[in-house]
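Enquirer: Here's a structure for you.
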Amino acid sequence: MQVWNRTIASFLKLFLQSNCPLCQRSTPDEFCQNCAQKLQKFHFPDTRNLKQDSVPIFAWGAYGGLLKRAIAIMKYENQPQIARPLGRWLGEAWLLQYGCDRKLTVVPIPLHPNKLKQRGYNQAALIAQSFCEITGLKLKQNGLARVKATEAQFGLSASEREKNLVAAFELGQDFHRRPDAPVLLVDDIYTTGATAKSAVQTLRQSGIAVSGLAAVAAAVKGS
């Protein structure tokens, strides 16, 4: 019976294979083994913690090369499944650094409803879901709402990014009652910190403590 079950499992795994979004090789996983190994090269060998206006930023890897490409494909080429391994790797790194005894409420950085309708999913929310499956932390997908349809951040200076994101967020429906634990924001990338700063300000102005932000990738000078 066990042999039969293994045979059926092997057959299903073969039948359900798809193409790796990075190289198009056939694979039963989100990435083929070769691309997964290449992506691991962007993982910071020592856990990278940054500071932005006293808010800790926890990042899994360096924003560049194949990792940058994977995130772009996830967001702009309708490949939401990429969020699952990225969130899992972020969660595993978090557990190695902090363990599982911290009481935090995880809130993904939201998309504006127009962008969400256009894309069909919020990559930060998918990453946060996978992250919470690994860490066991409580997820509040609608802790924040994006109420300002900002222009694309790409190509803007740091000051222009901050101005672009003024009053971009408000509390979401999950926070009609104040959470009983500090918030950990989750996003796909951290670059200038303008998005994180705006989200943190919105939460703190409502009396909600913010522990920091966890991102899959961070743009770090010299990394």
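The values are calculated or read from the model by the stated rules, or taken from the named source; none is laboratory data. Not measured: the values here are computed from a predicted model. Glycine gets a Cβ as well: all are built from the backbone with ideal geometry, and neighbour counts include every protein chain shown. Surface accessibility is based on the protein's heavy atoms, side chains included, excluding ligands, DNA and RNA. Shrake-Rupley method; radii C 1.70, N 1.55, O 1.52, S 1.80 Å.
Enquirer: Restricting attention to the range 190-223, which residues are touching a residue at least 24 places away in the same chain (Cβ under 8 Å), open to solvent by 40 Å² or more (accessible area, probe 1.4 Å) and under 22 Å from GLY65 (Cβ atoms)?
Expert: THR191, THR192, ALA219, SER223
Enquirer: Select from the range 65-121 the residues that are farther than 25 Å from LEU171 by Cβ and of a type in the set (Val, Ile, Thr) and write down the one among them that is farthest from the chain's Cα centre (by Cα).
Expert: It comes out as ILE73.
Enquirer: So in the range 111-158, with the set limited to residues that are among the polar types (S, T, N, Q), in contact with a Leu (Cβ under 8 Å, 6 or more places away or on another chain) and at pLDDT 95 or above, which one is most open to solvent (accessible area, probe 1.4 Å)?
Expert: GLN129
Enquirer: Further question: Identify, by number, the condition in (1) out of contact with any His (no Cβ under 9 Å at 6 or more places or on another chain); (2) assigned to a helix (DSSP H, G or I) that PHE44 doesn't meet.
Expert: Condition not satisfied by PHE44: (2).
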